[in-house]
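Here the structure is laid out as structure tokens; the discussion comes afterwards.
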Amino acid sequence: MPENRSSSPRTRTPGQWSFTRWVTLGHLEALEVHHPLFSATLVLQGAHLVRFAPADETDWLWLSPTARFEPGRAIRGGIPLCWPWFGDPSRNPPAVRRHALTHDAHGFARTALWALADVRESAHEVEISLSLNANQDFADLWAGRALALATFRFSVRGVELALTTTNLSEHPLAFSQALHTYLPTADITRTRILGLGHSQYIDTLDDWSEHTQYGPVYFTGETDRIYESAEPLQVVTPGRTRTLTAVGSDSTVVWNPGPEKAARLSDFPDSAWKTMLCVETANAGGDYRVLNKGQSHTLGVLIGRK
């Protein structure tokens, strides 16, 4: 199991918080928000949002019923942050691949311990920021230096997540990333995604070949695609529609493990593929980003109602 690491200590001072409190989930520390208009749970390991719901509504995110909250273990569900590379390092462009010093998928941020940077509350929203200083503590995993700042803004309209990367090294920094959003559905076969029509995509299950999407995206089995698109999306499931509006992204990943892969996944019930999907706001494939010294880039998504 990988070691849980952080480059700076976590801030514990609660200040004058009215709606936010410290809690423990399994063996991990988290921030729990109980606002009259909404609730949310944010785990410090990975800056991982595992729950968000407006008052009197069910969870807008999907979390595996067998998810485990353990140091160094990625949490199955919610919104994992894949950073500073997305997917298999060997499948990334050479400029990104050169910085990855491990074969582990999706980078190290999702199992690292992030530091609390700020909590702001009002009558209408709560904003929480967590930071990760990827310095020499991660030198055996990554040949780079950067500061990652994850800001979560909760309101009755929805949840907004912004991940800002600042290059702290003397040299250009190439990286890929994704906000790996898990969404629930009552039936994956009656679920569709609107907004990707006429987009080009890479089908990773078809030898990474390129295709064109015609009409909505439907699910008939295992799906793993990287779309070249920055358009607002609608995820239509039985009984509800969610909108995803991205910033700083020209790529979208659509994923569902299907029955065979689901049976091989950890912390994932065999039949769970029927009730979830992932729509990931990304900088993946050819949409990777390069920052010069001191430059920053923000990847963000607003998950809202139709």
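The values are calculated or read from the model by the stated rules, or taken from the named source; none is laboratory data. None of the values given here were measured: they were computed from a predicted structure. Because the Cβ atoms are built from the backbone with ideal geometry, glycine has one as well, and the counts that use them run over all protein chains shown.
For the condition of a type in the set (Val, Ile, Thr), surrounded by fewer than 16 Cβ atoms within 10 Å (Cβ to Cβ) and closer than 24 Å to Asn92 by Cβ, what is the one hit in Val290, Val279? Please lay out each step first, then the result.
Numbers: Val279 fails: surrounded by fewer than 16 Cβ atoms within 10 Å (Cβ to Cβ).
After ruling out the rest, the residue left standing is Val290.
Within the stretch 62-111, restricting attention to residues that are in contact with a Lys or Arg (Cβ under 9 Å, 6 or more places away or on another chain), among the charged types (D, E, K, R) and outside any loop (DSSP other than H, G, I, E, B), the residue that is surrounded by the most Cβ atoms within 10 Å (Cβ to Cβ) is Arg91.
Residues in the stretch 22-74 that are of a type in the set (A, V, I, L, M) and at positive phi: Ala47 alone.
All conditions but one from (1) modelled with pLDDT of 95 or more; (2) over 17 Å from Trp60 (Cβ atoms) apply to Arg242; the one that does not is (2).
The C-beta contact set for the stretch 232-246 (first residue polar (S, T, N, Q), second residue surrounded by fewer than 16 Cβ atoms within 10 Å (Cβ to Cβ) and assigned to a loop (DSSP other than H, G, I, E, B), distance under 8 angstrom, 6+ apart or interchain) comprises Gln234/Lys306; Thr237/Ala186; Thr237/Asp187; Thr241/Lys306; Thr243/Pro232; Thr243/Lys306; Thr245/Pro232.
Against the numbered list (1) at pLDDT 95 or above; (2) of a type outside the set (Gly, Ala, Ser); (3) more than 18 Å from Arg289 (Cα to Cα), Thr166 comes up short only at (3). For Gly221, state whether it is under 19 Å from Ala262 (Cβ atoms) and either part of a loop (DSSP other than H, G, I, E, B) or within 22 Å of the chain's Cα centre (by Cα) (or both). When the stated conditions are applied, Gly221 passes them.
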